[in-house]
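What follows is a short report on a single structure.
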Amino acid sequence: MTAKSAAAAARATVYGYPRQGPNRELKKAIEGYWKGRVTADALHRTAAELRRANWRELADAGVHEVPTGDFSYYDHVLDTTVMLGAVPARHRAAVEADALDGYFAMARGTQDVAPLEMTKWFDTNYHYLVPELGPDTVFTADSAKQVGELTEALALGLTPRPVLVGPVTYLLLAKPAPGVAADFEPLTLLDRLLPVYADVLADLRAAGAEWVQLDEPALVQDRTPAELNAAARAYRDLGARTDRPKLLIASYFDRLGEALPVLAKAPVDGLALDFTGPAVANLDDLAAIGGLSGKRLVAGIVDGRNVWINDLGRSLSTLATLLGLADRVDVAASCSLLHVPLDAGAERDIEPQIARWLAFARQKTAEIVTLARGLAHGTDTIAAQLAANRADLASRAGSPITRAPAVRARSAAVTDADARRSRPYAERAVAQRAHLRLPVLPTTTIGSFPQTAELRTARADLTAGRIDTAGYEERIRAEIGEVIAFQEKIGLDVLVHGEPERNDMVQYFAEQLTGYLATQHGWVQSYGTRYVRPPILAGDISRPEPMTVRWTTYAQSLTARPVKGMLTGPVTMLAWSFVRDDQPLAETARQVALALRDEVNDLETAGTSVIQVDEPALRETLPLRAADRPAYLAWATEAFRLTTSAVRPDTQIHTHMCYAEFGDVVQAIDDLDADVISLEAARSHMQVARELAAHGYPREAGPGVYDIHSPRVPSVAEAAALLRKGLEAIPAERLWVNPDCGLKTRGWPETRASLENLVAAARTVRAERAGS
Ligand code: GLN
Ligand code: ZN
């Protein structure tokens, strides 16, 4: 096919669309069903209505091929588990008794049966339910959901393309089922799985699907030759079936790299590649292998993970290059639009000028359609859109919001020395010991205390105008007073104010920093019916005034013991927000770090001797490809050090992270140069203490001895046993005693009992040491 005819055939498509509905109708219906207020029939009707509305919206916008099967009551990976008959043994009875209730039991667990484990979908903030497989797993095809949704869309007269999680990605995302050897590799089940996929594909074709999309995002990660071989085998096998629809293999979130030639050679009909961000490397890689002759290319050119308008002119020139590299080129978002909010047009509180820079799912869909039209019919057919787009891009680039001279000058002037403490840790430790006079094995908590219903009500009352600021603040002061009194009473050594004023550890700061935007309706799915509204890093970041000093100093005024200041670190501020696409992440991180640095310094000036800067997201934003990790870790650790380095040697900097696995970032943890780090460790029996010790970590650490993810109260003996385990790895002079994480999700009764036991355990182990 010539480039010209490839262009003429260009079509618009997407891989998935926000599922919740404009007013989160799906969340309400599902939660209503759980509470028994909504019948299964009513839930199914709401869901069908939302699917129909989405398809109509896409088709009316000009999308030629609409996705089906992307809808989910909870998670599309769990849907795949159902489609493949891979229901774990412990849930089988429930699923057989009632498919819907069994489905939710797998997702959420029941009184007696644990749910599937949940983890992050690649480097997004969406969480999927991890398939549990073993050598005895038997797969059987259940195409009902996929066929049903396909049939619904066909009935509307649309051209649907079912979207499925591909077999290789499905297996690579799975883990050994409970009771199966930990070294069992689910990928060894591939040959057993392929016939089941073939059955589903045949069913979809029989039901009227011309094309089916198989998503293989796992192939954008570093893959072993054996894994690449498995991918080659999978698509040789599925491609050779005669009763199959046309197959589109989709990749997203990064470049395909060594998997590109594998898929290009496979006997399938099309590939979808990401051409945004670092994945733009796909362009050169595709040229290097001579393009995709005989195949359809779906170009993911509109970023499906950010909230910014596309540079349509630049996209058109990329698309023009791609025309020479495939038989047919279609236009899409880089990934499912599930990861962005629905409609920037719904935001009434964002200045109209700034709102024009934003593109959520609806606006991105319009961009995709515009690009496809420009490609197919010539740029003069989209002249008006191109002109408007150029004006909006210029307004964004030239705005004092995105280019604040003072912020830029300050960031440009940062030197390496600014990101280094004035004294090495050994000297600081001596100064801090003299200043703080803490006992060995000092006790502390991670920051938040229970966010009670009364606190949430007070915040809602303030927002609704039922109470005034003074009334609200009175309530917060009272809470801080109680939290301080409680900690003094049970004998904790380093106290916290409890964070009662914070709605969320990122949002609280985003609301106070210039350059951040908040949305009213910008919900995105985190997992199941949990939706979050990430703030948007829109412009250059600065801090007009102190953000935490007042509450921290109030807490300190109530006690002679040190109260720990509590901030969210720059890496986490980026990870849980929508980030800018018009400058490197490193630059945005540096601006946030400088704003936080001022806060750290103000806290110190106000008399705070211990300051904690939380970085729970440090590990989760690790790039998918190992080759990209050193650069990320370099700017991420620099941003943390820039935040924390201007303090006196005798001011103690803490950080906190919560993950089961730190092994691959221990060097980065070391590079933070924090005086003390608290980490989640209770469930893994102090594994992290051993990892730090093996690395030769030289500073102080508090591996958690209280698992805060459960209402269970650890006994004194249990906490003491964990502490003794910690002591085997970390010497007493450098070991802290603390819970795994903040207590905001816990109730007061178990918090009280657990912290009392934690302090008692520290005393027990101190006494043992004194006696020996
Ligand atoms: N300081 C925060 C808290 O205690 C830390 C939360 C987190 O690690 N996610 O709630
Ligand atoms: Zn935590």
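When W551 is tested against (1) in contact with a strand residue (DSSP E or B) (Cβ under 8 Å, 6 or more places away or on another chain); (2) surrounded by 22 or more Cβ atoms within 10 Å (Cβ to Cβ), just one condition goes unmet, and that condition is (1). Residues that are assigned to a helix (DSSP H, G or I) and touching a residue at least 40 places away in the same chain (Cβ under 8 Å) within the stretch 44-64 comprise A48, R51, R52, W55, R56, E57, L58, A59, A61, listed in sequence order. Among the criteria (1) within 16 Å of ligand 2 (Cβ to nearest atom); (2) surrounded by fewer than 23 Cβ atoms within 10 Å (Cβ to Cβ); (3) not small (G, A, S), the one I708 does not fulfil is (2). Annotation note: of R734, R690, R683, R699, the sole residue that is away from ligand 2 (no atom under 16 Å from the Cβ), out of contact with any helix residue (DSSP H, G or I) (no Cβ under 7 Å at 6 or more places or on another chain) and either closer than 26 Å to A431 by Cβ or of a type outside the set (A, V, I, L, M, F, W, C) (or both) is R734. The set of residues in the stretch 216-242 that are more than 34 Å from the chain's Cα centre (by Cα) and not in a helix (DSSP H, G or I) comprises R241, T242. Counting only helices (runs of 4 or more DSSP H) that sit completely within the stretch 654-772, zero hold 3 or more residues that are aromatic (F, W, Y). For the stretch 96-117, the count of residues that are buried (at least 18 other Cβ atoms within 10 Å of the Cβ), aliphatic (A, V, I, L, M) and closer than 24 Å to V212 by Cα is zero. Of everything in the stretch 650-688 that is more than 23 Å from D416 (Cβ to Cβ), of a type in the set (S, T, Y) and within 14 Å of ligand 1 (Cβ to nearest atom), the residue that is surrounded by the fewest Cβ atoms within 10 Å (Cβ to Cβ) is Y659.
Out of the residues in the stretch 519-572 that are within 30 Å of G109 (Cα to Cα) and either in a helix (DSSP H, G or I) or touching a Ser or Thr at 6+ places or on another chain (Cβ under 7 Å) (or both), state the one that is farthest from ligand 1 (Cβ to nearest atom).
Initially, the stretch 519-572 is screened for residues within 30 Å of G109 (Cα to Cα), giving 521-534, 572.
Pick out the ones that are also either in a helix (DSSP H, G or I) or touching a Ser or Thr at 6+ places or on another chain (Cβ under 7 Å) (or both) and you get 532-534, 572.
Numbers: V532: 13, R533: 17, P534: 15, T572: 8 Å.
So the residue we want is R533.
With respect to T151, is the statement that it is outside any loop (DSSP other than H, G, I, E, B) and within 30 Å of L624 (Cβ to Cβ) true? When the stated conditions are applied, T151 does not pass them.
Checked against (1) in contact with a helix residue (DSSP H, G or I) (Cβ under 9 Å, 6 or more places away or on another chain); (2) at pLDDT 95 or above, D284 meets all criteria but (1).
Going by what's in this entry, would V440 be described as in contact (Cβ under 8 Å) with a residue 60 or more places away in the chain, away from ligand 1 (no atom under 16 Å from the Cβ) and over 24 Å from G607 (Cα atoms)? Before the answer, list the steps.
Working: in contact (Cβ under 8 Å) with a residue 60 or more places away in the chain: yes; away from ligand 1 (no atom under 16 Å from the Cβ): yes; over 24 Å from G607 (Cα atoms): no.
Considered against the rule, which asks whether it is in contact (Cβ under 8 Å) with a residue 60 or more places away in the chain, away from ligand 1 (no atom under 16 Å from the Cβ) and over 24 Å from G607 (Cα atoms), V440 comes out as no.
Residues of the stretch 712-734 that are under 31 Å from the mean Cα position of the chain (by Cα) and either under 24 Å from T568 (Cα atoms) or of a type in the set (V, I, T) (or both): V713 alone. Scanning the stretch 180-213 for residues that are over 15 Å from P167 (Cβ atoms) and touching a helix residue (DSSP H, G or I) at 6+ places or on another chain (Cβ under 9 Å) turns up D203, A206, A207, G208, A209.
Here's the yes/no breakdown for (1) in a helix (DSSP H, G or I); (2) touching an Asp or Glu at 6+ places or on another chain (Cβ under 6 Å); (3) aliphatic (A, V, I, L, M); (4) at pLDDT below 95:
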| position | (1), (2), (3), (4) |
| --- | --- |
| R161 | no, yes, no, no |
| R192 | yes, no, no, no |
| Y197 | yes, no, no, no |
| L214 | no, no, yes, no |
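The residue pairs whose first member lies in the stretch 655-671 and is more than 13 Å from R699 (Cα to Cα), whose second member is crowded, with 21+ Cβ neighbours inside 10 Å and β-branched (V, I, T), and whose beta carbons are closer than 8 Å, counting only pairs six or more residues apart or on different chains, are H656/I446; H656/I677; M657/I669; M657/I677; F662/I669; F662/V688; A668/T637.
Applying the criterion of being of a type outside the set (S, T, Y) and crowded, with 24+ Cβ neighbours inside 10 Å to the residues of the stretch 324-337, the residue that is nearest to Q520 (Cα to Cα) is L337.
L517: in contact with a Phe, Trp or Tyr (Cβ under 8 Å, 6 or more places away or on another chain), at pLDDT 95 or above and of a type in the set (A, V, I, L, M, F, W, C), yes or no? No: the conditions fail for L517.
Residue pairs whose Cβ atoms lie under 7 Å apart, sitting 6 or more positions apart in sequence or on different chains, and linking a residue in the stretch 546-561 that is over 29 Å from V592 (Cβ atoms) to a partner that is part of a loop (DSSP other than H, G, I, E, B), are R561/D493.
The values are calculated or read from the model by the stated rules, or taken from the named source; none is laboratory data. Treat the numbers as computed from the prediction; the structure is a model and nothing was measured. Glycine gets a Cβ as well: all are built from the backbone with ideal geometry, and neighbour counts include every protein chain shown.
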